[in-house]
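Everything on this sheet refers to the single structure shown next.
The values are calculated or read from the model by the stated rules, or taken from the named source; none is laboratory data. Keep in mind that this is a model prediction, so the values were computed, not measured. Cβ sites come from the backbone with ideal geometry, for glycine too, and all protein chains shown count toward neighbours.
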């Protein structure tokens, strides 16, 4: 490639990084801009942005708002750790014959990724409704029964050691290898790539997301802690090994909670 062409491509790559990185930052900021005030109000007066969370009846409006809350929360929690994959995909597309449509490809990739977490949010909404109906969740959206919370913690801790967890985490930690193995051409191909990447991400993190039912679906510090944990697990050099070893304290915390719940019965 002539030096002039190489310089032009590098200039476009820098522009792509700013455009895509800026879009990601804006999307994440908007998500947290809704989550944070709602979480503070949830543990405050509940007369502001969280007032809808305490309905007299679970009507359709409440369920739609609950679903929207899960969608926004999942986007805010998962997009930071997915950013390297988006940026790498943009770089690959920019250097390909389809380089002129790089933004369209990347937004399609992001759309596919978010679709997976939107489906998960729908499942989580239904699950939350059922758990509330079975009186396993308190009005503050955390585990009412320590035995229930302990069981979720133990399941999440055990999952950290499974081959499925390792395979999905490795795919998330190695976006270059993922793109090489699953590459598809075209904007529609970008969308399907995003869906596949989202499925691997979901396979890696679904059990961790279930911990929201333990510490509180709207507990801001719990949400932030899980977000940082996922970020470190996927991006930090020690993430893969550290994520596996984290299963031990999660299991221990679950066992302690389970024993506490059983002791309270006695």
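Limited to region 47-61, what total is found for residues that are surrounded by 15 or more Cβ atoms within 10 Å (Cβ to Cβ) and part of a loop (DSSP other than H, G, I, E, B)?
So the count comes out to 2.
Is it true that some residue in region 101-109 is at pLDDT 95 or above, under 30 Å from residue 10 (Cα atoms), under 14 Å from the mean Cα position of the chain (by Cα) and buried (at least 21 other Cβ atoms within 10 Å of the Cβ)?
No, region 101-109 contains no residue that is at pLDDT 95 or above, under 30 Å from residue 10 (Cα atoms), under 14 Å from the mean Cα position of the chain (by Cα) and buried (at least 21 other Cβ atoms within 10 Å of the Cβ).
Counting only residues that are more than 16 Å from residue 105 (Cα to Cα) and loosely packed, with under 11 Cβ neighbours inside 10 Å, which one in region 8-21 is modelled with the highest pLDDT? Spell out the reasoning first.
Of region 8-21, the ones more than 16 Å from residue 105 (Cα to Cα) are 8-11, 14.
Checking the rest, the ones that are also loosely packed, with under 11 Cβ neighbours inside 10 Å come to 11, 14.
Working: 11: 79, 14: 84.
It comes out as 14.
From the list 135, 122, 164, 79, exactly one residue is more than 19 Å from residue 35 (Cβ to Cβ) and at pLDDT 95 or above. Which is it? Don't jump to the end; show me each part of the working.
Numbers: 135 fails: at pLDDT 95 or above; 122 fails: more than 19 Å from residue 35 (Cβ to Cβ); 79 fails: more than 19 Å from residue 35 (Cβ to Cβ).
After ruling out the rest, the residue left standing is 164.
Given the options 35, 64, name the one that is surrounded by fewer than 16 Cβ atoms within 10 Å (Cβ to Cβ), in a helix (DSSP H, G or I), out of contact with any strand residue (DSSP E or B) (no Cβ under 6 Å at 6 or more places or on another chain) and at pLDDT 90 or above.
Values: 35 fails: surrounded by fewer than 16 Cβ atoms within 10 Å (Cβ to Cβ).
The unique qualifying residue is 64.
Can you name the residue in region 168-179 that is free of Cβ contacts under 8 Å to residues at least 60 places away in the same chain and surrounded by 13 or more Cβ atoms within 10 Å (Cβ to Cβ) and, of all such residues, is farthest from residue 92 (Cα to Cα)? If you could, list the steps in order and put the result at the bottom.
The initial filter retains those residues of region 168-179 that are free of Cβ contacts under 8 Å to residues at least 60 places away in the same chain, namely 168, 171, 174, 177.
Those still in the list that are surrounded by 13 or more Cβ atoms within 10 Å (Cβ to Cβ) too: 168, 171, 174.
On the way: 168: 22, 171: 17, 174: 15 Å.
That would be 168.
Residue-wise test of (1) at pLDDT 95 or above; (2) more than 25 Å from residue 92 (Cα to Cα).
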{"site": "189", "(1), (2)": "yes, no"}
{"site": "199", "(1), (2)": "yes, no"}
{"site": "209", "(1), (2)": "yes, yes"}
{"site": "220", "(1), (2)": "no, yes"}
{"site": "224", "(1), (2)": "yes, yes"}
{"site": "243", "(1), (2)": "no, yes"}
{"site": "255", "(1), (2)": "yes, yes"}
{"site": "265", "(1), (2)": "no, yes"}
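Restricting attention to region 180-201, report how many residues are under 25 Å from residue 242 (Cβ atoms) and surrounded by 19 or more Cβ atoms within 10 Å (Cβ to Cβ).
4
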